[in-house]
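A short worksheet on the structure shown next.
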């Protein structure tokens with residue numbers, strides 16, 4: 001994205017903050033493709049038969065973005081960080097609803113032997129990752145933010161540095177720390193189990 005486009009988005013965010021509804025429409029036209037890219041990045045890590053599609057995830061995020069307070073966004077990077085975080089929350093909520101349904105939420109009774117052959121043995125990795133990210137955020141909020149922006153938001157190291165006000169080498173170093181910590185937590189190689 002060019003510097004001109006970056007400043008245009010920042011200007012539109014400011015105009016939306018000031019109550020300009022037309023600015024919101026123009027903003028969404030300009031950022032829709034980037035929101036699709038972020039959503040596709042999230043869904044790339046999901047099972048191939050996931051029930052949410054890219055456009056559905058973008059539209060749900062858009063609706064939630066409308067409920068946000070635009071004065072909280074400083075610039076384009078902050079806006080996309082919020083959008084990425086909202087998409088993650090949408091997927092987590094969706095996974096929890098699916099898990100609830102699999103655990104019998106509103107289901108009819110099935111004999112235990114029949115149920116044992118019908119369950120999906122794969123772990124819900126998105127929920128495990130969300131739990132690990134929440135734990136990481138309690139230990140070090142910046143590490144968790146870097147993971148969200150890099151892994152889910154698709155931002156570059158330089159963009160994350162600008163968004164967080166730190167140098168690119170610091171982001172790279174902290175990204176490695178966060179990845180190692182998450183790997184240990186998710187694989188059980190941190191001594192605590194998965």
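Restricting region 48-66 to residues that are part of a loop (DSSP other than H, G, I, E, B) and surrounded by 12 or more Cβ atoms within 10 Å (Cβ to Cβ), the residue that is modelled with the highest pLDDT is 53. The residues in region 130-156 that are assigned to a helix (DSSP H, G or I) and under 20 Å from residue 10 (Cα atoms) can be counted, and the count is 1.
The values are calculated or read from the model by the stated rules, or taken from the named source; none is laboratory data. All values derive from a computational prediction rather than experimental measurement. Virtual Cβ from ideal backbone geometry, glycine too; neighbours counted across all protein chains shown.
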